[in-house]
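Some notes on the structure that comes next.
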Amino acid sequence: MKATDKKIPYKIYLDENELPRAWYDLRADMKNKPAPLLNPATHKPVTPEELEHVFCRDLAMQELCDTQRYVPIPEEILNFYKMYRPSPLVRAYCLEEKLGTPAEIYYKFEGNNTSGSHKLNSAIAQAYYAKKQGLKGVTTETGAGQWGTALSMACAYFGLDCQVYMVKVSYEQKPHRREVMRTYGATVTPSPSETTEVGRKILKEFPGTTGSLGCAISEAVEAAETTEGYRYVLGSVLCQVSLHQSIIGLETKTALEKYGVKPDVIIGCAGGGSNLSGLIAPFMGEKLRGEADYKFIAVEPASCPSLSRGKFAYDFCDTGKVCPLARMYTLGSGFIPAPNHAGGLRYHGMSPILSQLYHDGYLEAVTAVQTDVFGAAEYFARVEGILPAPESSHAIKAAIDQALECKKTGEKKVIVFGLTGTGYFDMTAYRKYNDGAMSDYIPTDEEIGKSTSSMPCVEED
Ligand SMILES: *Cc1c(COP(=O)(O)O)cnc(C)c1O
């Protein structure tokens, strides 16, 4: 009997002892590695010492090391993972039937923890290394609030202080998110604020601004650099975050192998690229080593299309221009998605790992407009029961499109997508959609050209 003859359950759960014991660093298998981070002042590659002013020591090392294939997961982190992992891989039988597709659809569900997303996977690792170094606390930014929530949970667990700069528009629109973070002991400040120099500068230049992720990052970095015993932590984009998120892909691979299932298409939404890089990591590793072939699809909002329409160049990671420069697909650090955009994934740049893979043709990117994304979200909620986060729904939309394509061609493809989180705190956006008041906006080439023209000029050889 082939493993595939086993009846696949609705939910494939792994045992606790099947939890991966090491993260996988995809960079170790990349021939063209992501370009080094540069010091924003000198345009020279950042040194470990420079990076340790911003990040804690072990995380700075993880950021800079691109050759170690497996990084053991410390016991303390594993113990926390065990409270909510391994996460289920769900066979979407109901969705398949409703669509009438011959395709098999699976989704890896990362919403089964209080933070409601995959971000906890990296938050707990970052909090652990900060604690290990004897730090007092960490600062960070949060947009929609998932990262801040995840980090506040992780800091509460390890007894660290947590200061969150929350994009002002979200702070005002999502009071419940804010309260969850405070319940876990975090201090939440709307950004831009008067508490930092860069915040005061931005407020002076753009009075009444509702803030942006990049601006909140600048404030969090400044707060960390000017407070003794604090470091800055970031929930996406960085290579260390991709490393921690590889747990998603490693579990997915183990679960599929248990039933002899080989995916054809692997799909994820892409904001800063952390969940997607984590989900695809071990599969992409096989592709890079020539052992297997898969199709990988990144799904972006049409209103913030970093991979699809951005430039591949060195850019600032933040509006305040204090973070190291990263070579990535970017819309320019000054890019702010249209005010009607409600679907998340609003970061201007993209993981340097995914950027390089996309540039080298290993990864495809598609865009979706938000009314289609929310349409897919509702369809999914009604069929599969889970209320998805708007971010995750980008992947749902693309997975449904792939499944419908199979319906046309009769192909029996195996589609795997990342269901990164739940959408309970996004009901304002759902309400807009339900009221028929949601509209789409696709930036013009001029708008994108304007924000990419303010990128730093880095000589590359
Ligand atoms: C933050 C977030 C994302 C996007 O971030 P990536 O770094 O691109 O993974 C996607 N889904 C959910 C639920 C999120 O909270």
Quick note, the stretch 1-108: a/c under 1.5 would make it rounded; otherwise a/b > b/c is prolate and the rest oblate (a ≥ b ≥ c, C-alpha gyration tensor); here it is prolate
Listed pairs K262/K412; K31/K413; K31/K287 exceeding 18 Å between Cα atoms: K31/K413
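Nothing charged except the Cβ atoms of Lys and Arg (+1) and of Asp and Glu (-1): what's the magnitude of the dipole of the chain about its Cα centre? Round to the nearest 20 debye. Walk me through the numbers before you get to the answer.
Working: 49 positive and 56 negative charges, 188 e Å.
Around 900 debye, computed over the chain.
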Placing +1 at every Lys and Arg Cβ and -1 at every Asp and Glu Cβ, with all other atoms neutral, what dipole size does the stretch 52-112 have around its Cα centre, in debye to the nearest 20? 240 debye
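Where a ≥ b ≥ c are the square roots of the eigenvalues of the C-alpha gyration tensor, would you call the stretch 316-375 rounded, which needs a/c under 1.5, or, failing that, prolate if a/b is larger than b/c, or oblate? Intermediate values should be presented prior to the final figure.
Numbers: a/c = 3.27, a/b = 1.19, b/c = 2.75.
Verdict is oblate for the stretch 316-375.
Take the Cβ-Cβ distance between V458 and E172 as r, set R0 to 35 Å, and report the resulting FRET efficiency rounded to the nearest 0.05. Walk me through the numbers on the way to the answer.
Details: r = 37 Å, r/R0 = 1.05.
Using R0 = 35 Å, I get an efficiency of 0.45.
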Between the residues F55, I12, P34, the Cα farthest towards the positive end of the dipole of the stretch 1-70, that dipole coming from +1 and -1 charges on the beta-carbon of Lys, Arg, Asp and Glu, is from I12
Obtain the nm distance between the two label points defined at D15 and E364 by a simple spin-label model: each point lies 7 Å from its Cα along the Cα-to-C-beta direction. 3.9 nm
Considering amide H positions built from the backbone, and no H for Pro or chain starts, which residues 5 or more places from Y314, or on another chain, come under 5 Å of its amide H? M328
At q = 0.11, 0.12, 0.16 Å⁻¹, what base-10 log of I(q)/I(0) does the Debye formula yield for the stretch 241-351 when every alpha carbon is treated as an equal point scatterer in vacuo? -0.41, -0.48, -0.78
Could you name the aspartates and glutamates in cross-link range of K258, using Cα to Cα under 20 Å and dropping any fewer than eight places away on the same chain? D5, D15, E16, E18, E104, E110, E286, E291, D293
Interchain or sequence-distant (5+) residues whose placed amide H lies within less than 5 Å of the amide H of F417 are Y106, Y107, K108, I267
From zero up to wherever the largest Cα-Cα distance of the stretch 335-437 sits, split into 5 Å bins and tell me the percent of pairs in each. 2, 11, 19, 21, 20, 14, 9, 4, 0
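Can you give the % of DSSP beta bridges in the chain that are antiparallel, to the nearest 5?
Working: 18 of 51 bridges.
That works out to approximately 35 percent antiparallel.
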Distance histogram for the chain (every C-alpha pair counted, 10 angstrom bins, percent rounded to whole numbers): 4, 22, 34, 27, 10, 2, 0, 0
Among G349, Y441, A313, whose Cα lies farthest out toward the positive end of the dipole of the chain, if unit charges sit on the beta carbon of Lys, Arg (+1) and Asp, Glu (-1)? Y441
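Bear in mind these aren't lab numbers, they're just calculated from the coordinates by the rules spelled out. Being a predicted model, the structure only gives us computed values, none of them experimental. Here Cβ is always computed from backbone atoms with ideal geometry, including for glycine, and neighbour counts include all displayed protein chains.
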